Amino acid sequence: MTPEEKLMRLEVLISPDTAGSELLMVLLEQSEGIVLNRRYPFGVPEGAVVPAEYEQIQLQIAVELFSKRGAEGQVAHSENGINRTYEAADVSPSLLRRIVPVCGSVM
């Protein structure tokens, strides 16, 4: 999927909310970094891109990052019967668990 296709899909996923394409591209870059750092825990190889099987997870992470804007790091919040508590991580562990880390061996 091209960056433009990811941007278009992200716009659909966050609708009816809207955001500038610059913000959405930054969120896609951040989510790419999160996926790659999880995929390659011992260092991201030069020129690595998000594998096709993890592009949907990248988009889900970007949506999650978008949804938490303005309340970054929120640990608890209650107002009019609405309760919010964010985990210590930027992204829910359930999404990160779906990414299989790559590792090698020393011979």
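Brief remarks on what is shown
- Residues being closer than 24 Å to residue 102 by Cβ, surrounded by fewer than 16 Cβ atoms within 10 Å (Cβ to Cβ) and in contact with a helix residue (DSSP H, G or I) (Cβ under 8 Å, 6 or more places away or on another chain) - total across the stretch 1-29: 2
- When the helices (runs of 4 or more DSSP H) confined to the stretch 6-107 are screened for residues that are at pLDDT 85 or above and touching a His at 6+ places or on another chain (Cβ under 7 Å), none reaches at least 3 such residues.
- Of the residues in the stretch 30-37, not one is exposed (fewer than 14 other Cβ atoms within 10 Å of the Cβ) and not aromatic (Phe, Trp, Tyr).
The values are calculated or read from the model by the stated rules, or taken from the named source; none is laboratory data. As the structure is a prediction and not an experimental result, all values here were calculated from the model. All Cβ positions, glycine included, derive from the backbone under ideal geometry; neighbour counts span all protein chains shown.
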